[in-house]
Amino acid sequence: MPVPDVKSGRLSSAEIAENFGDLHSPLSRPEALIEADRCYFCFDAPCTTACPTGIDIPSFIQKIRSDNVQGSAETILKENIMGGMCARVCPTEVLCEEACVRNTHEEKPVNIGLLQRYATDPIFHSNTQLFSRAPETGKKVAIVGGGPAGLSCAHRLAMLGHDVVIYNRDEKLGGLNEYGIAAYKTIDEFAQREVDWILNIGGIDVRTNVTLGDDIHLGDLQRDYDGVFLAFGLGGVNALGLEYENADNVLNAVDFIAELRQAKDKSQLPVGRRVIVIGGGMTAIDVAVQSRRLGSEQVEIVYRRGASQMGASRFEQELAQTNDVSIRHWSTPIALSVTDGLAKVEFERTRLDAAGKLQMTGETWAAEADIVFKAVGQTLQLGSLGEVAATIAQKRGKLVVDEERKTSLNNVWAGGDCIFGHDDLTVSAVQDGKLAALSIDRHLRGEEINNG
Ligand SMILES: Cc1cc2nc3c(=O)[nH]c(=O)nc-3n(C[C@H](O)[C@H](O)[C@H](O)COP(=O)(O)OP(=O)(O)OC[C@H]3O[C@@H](n4cnc5c(N)ncnc54)[C@H](O)[C@@H]3O)c2cc1C
Ligand code: SF4
């Protein structure tokens with residue numbers, strides 16, 4: 001009789017340590033200077049336009065060239081307070097580096113991500129505070145969620161002299177920087193060091209293990225604070241809609257990743273020998289690659305569309321392939337069964353019709369696995385956030401905001417993954433927090449809010 005092969009200790013602690021080391025080695029000084037020299041310092045730099053936080057990229061690269069590393073970090077962090085994390089996790093190949101004019105000359109952009117890391121790393125190593133608070137205004141803002149959007153908003157508001165209280169469901173701040181991002185992208189507790197550095201500015205009071213909808217309510221926050229910023233991310237996960245999807249070895253990828261990120265000893269995590277991942281985004285790649293690096297022998301991602309439609313970037317897809325993860329396109333799960341703990345997934349092949357719509361072909365295939373990961377997207381569960389939150393204008397289950405990140409409710413702003421139109425990137429969440437803080441500040445100072 002088949003038995004599921006799920007166990008811990010597939011690899012030694014030394015092998016795990018090597019597999020979960022830094023994905024990209026940081027640049028040395030000579031390497032950084034050579035790379036900085038490749039920049040043309042373009043006027044109207046397209047890389048800056050492509051950066052969601054609008055970092056003046058040629059300016060920070062110029063400062064690296066003149067050995068003004070702290071000045072370079074300041075240029076980065078004043079636009080993007082999480083410039084350290086973004087240097088590690090941004091899909092630069094589809095943002096600043098895709099726009100770099102060096103691509104047209106030699107198909108190799110300036111390595112902006114690693115230069116940004118070179119500039120910002122010393123700030124976090126030495127815990128140097130670059131920003132200070134304006135005189136206190138006496139105004140108080142509540143922030144729900146201490147992930148990238150909430151922390152970015154909190155820091156900017158604190159800089160502008162307002163007092164902030166962050167309410168956070170999880171034990172630790174950082175959101176998915178702490179509980180989601182692949183472990184080899186942010187090693188050595190970088191996420192918490194960055195959080196500590198952000199809080200060091202002062203004026204930010206943190207209340208963890210507090211959940212909106214259970215422990216606190218939006219109506220009360222509106223009454224007790226001068227403004228409220230909602231940045232609670234996406235709490236729920238999409239389901240496959242199949243029987244057995246809650247079986248013991250059919251797991252939500254995000255839950256497993258959170259467990260992995262918090263594990264003191266990764267070699268003790270139970271890992272399947274054969275793993276199937278259903279999905280095509282960053283989460284699918286992350287759970288697949290990390291499973292391989294934990295010792296799974298056979299990992300296959302199955303996605304219902306083609307490579308170019310995957311949410312994961314080209315770099316992420318290549319990362320999967322170089323980690324011996326196979327990616328099978330054009331198949332969607334239609335049935336799931338679990339016998340004696342062993343999962344069997346039946347897939348149906350798909351194709352696009354002439355109008356570009358996904359069609360089922362009737363052709364099926366099946367595969368067995370010890371663990372099946374569901375990575376088919378996250379959702380916002382507004383119902384659980386209380387009656388007042390549920391009245392905020394929504395589109396496709398997410399909060400609608402204007403350009404300043406203001407919601408339809410009085411004195412309530414929102415940003416990050418929970419808003420409609422968000423691209424589910426750390427850098428965009430940081431930008432939302434910054435824009436909301438600037439809008440809240442204008443509002444608190446009594447200036448007209450321009451919704452245009
Ligand atoms: C597995 C995975 C890998 C990813 N990898 C990358 C990557 O490599 N690069 C990249 O740019 N992006 C990546 N992302 C996306 C990125 O992490 C998110 O876009 C970003 O974290 C969103 O920030 P946020 O502040 O909106 O929400 P979150 O980071 O989700 O933070 C939300 C915060 O709100 C708190 N909260 C939730 N509900 C409540 C409540 N009811 N009351 C109070 N507090 C609450 C939580 O405790 C949490 O701290 C990844 C996402 C996932 C899931
Ligand atoms: S586009 Fe490339 S070359 Fe031009 S300023 Fe930006 S990084 Fe430098």
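The values are calculated or read from the model by the stated rules, or taken from the named source; none is laboratory data. Worth saying up front: this structure is predicted, and the values here are computed from it rather than measured. Using ideal geometry, Cβ is built from the backbone for each residue, glycine included, and neighbour counts are taken over all protein chains shown. Each accessible area value is taken on the protein alone, full model and side chains, heavy atoms only, with ligands, DNA and RNA left out. Shrake-Rupley method; radii C 1.70, N 1.55, O 1.52, S 1.80 Å.
Rounded to two decimals, the Cα-based Rg/Rh of the chain, with Kirkwood Rh, is 0.98.
Using a cut-off of 22 Å between Cα atoms, the listed pairs Lys344/Lys398; Lys7/Lys344; Lys7/Lys374 include Lys344/Lys398 as exceeding that distance.
Ranking Tyr40, Tyr167 from most to least accessible surface, computed with a 1.4 Å probe over the protein chains only, gives Tyr40, Tyr167. With Rh defined as the Kirkwood radius, the inverse of the mean 1/r over Cα pairs, the Rg/Rh of segment 237-332 is 0.95.
Beta bridges from DSSP with both residues in the chain: antiparallel share about 40 percent, rounded to the nearest 5.
Could you tell me whether segment 126-236 comes out rounded, prolate or oblate from its Cα gyration tensor? Rule is a ≥ b ≥ c as square roots of the eigenvalues, rounded for a/c under 1.5, then prolate if a/b exceeds b/c, otherwise oblate. Oblate, since a/c reaches 1.5 and b/c is not below a/b. Straight-distance candidates among the lysines for linking to Lys185, with alpha-carbon spacing under 18 Å and chain neighbours fewer than 8 residues away dropped: Lys264, Lys266. Rounded if a/c is under 1.5, else prolate if a/b beats b/c, else oblate: with a ≥ b ≥ c from the C-alpha gyration tensor eigenvalues square-rooted, which is segment 1-159? Taking the square roots of the gyration eigenvalues as a ≥ b ≥ c, segment 1-159 is oblate. Residues in the chain average 44 Å² of solvent-accessible surface per residue, probe 1.4 Å, ligands and nucleic acids excluded.
Per-residue accessible area (protein heavy atoms, 1.4 Å probe) orders Glu31, Glu403, Glu346, Glu316 as Glu403, Glu31, Glu346, Glu316, starting from the largest.
What is the sum of charges around Leu399, taking Lys and Arg as +1, Asp and Glu as -1, for the other residues whose C-beta is under 13 Å from the C-beta of Leu399? Combined, the nearby Lys, Arg, Asp and Glu give +2. Projecting label points 7 angstrom from Cα along Cα→Cβ for Thr104 and Ser132 puts them 4.5 nm apart.
Cross-link partners for Lys78 among the lysines, with Cα-Cα distance under 20 Å and sequence neighbours closer than 8 places in the same chain left out: Lys63, Lys434.
Label-to-label distance for Ser66 and Asn200 is 2.5 nm, based on points extended 7 Å past Cα in the beta-carbon direction. In whole percent, and with a 1.4 Å probe on the protein chains, what portion of the accessible area of the chain is carbon and sulfur? Ligands and nucleic acids excluded, carbon and sulfur give 46 percent. Evaluating kT/(6 pi eta Rh) at 20 °C and 1.002 mPa s, with the Kirkwood radius of segment 330-452 over Cα pairs in the Stokes-Einstein relation, gives 118 µm² s⁻¹. All other residues with a Cβ under 11 Å from the Cβ of Val165 taken together, and with Lys, Arg as +1 and Asp, Glu as -1, what is their net charge? Every neighbour counted, the sum reads -1. Rounded to the nearest 10 degrees, the inclination of helix 282-294 to the longest alpha-carbon principal axis of the chain is 60 degrees.
Estimated from the Cβ-Cβ distance and a Förster radius of 41 angstrom, the FRET efficiency linking Asp214 and Asp324 is about 0.45. When the residues Asp5, Asp248 are ordered by accessible surface, computed with a 1.4 Å probe over the protein chains alone, the sequence from largest down reads Asp248, Asp5.
Count Lys and Arg as plus one, Asp and Glu as minus one, and take only other residues whose Cβ is under 12 Å from that of Arg133; the net charge is then -1. The Rg/Rh ratio of segment 270-403, with both radii computed over alpha carbons and Rh defined as the Kirkwood radius, is 1.05. Normalised by the number of residues in segment 85-157, the mean separation of alpha-carbon contacts (under 8 Å, six or more apart) gives a relative contact order of 21 percent.
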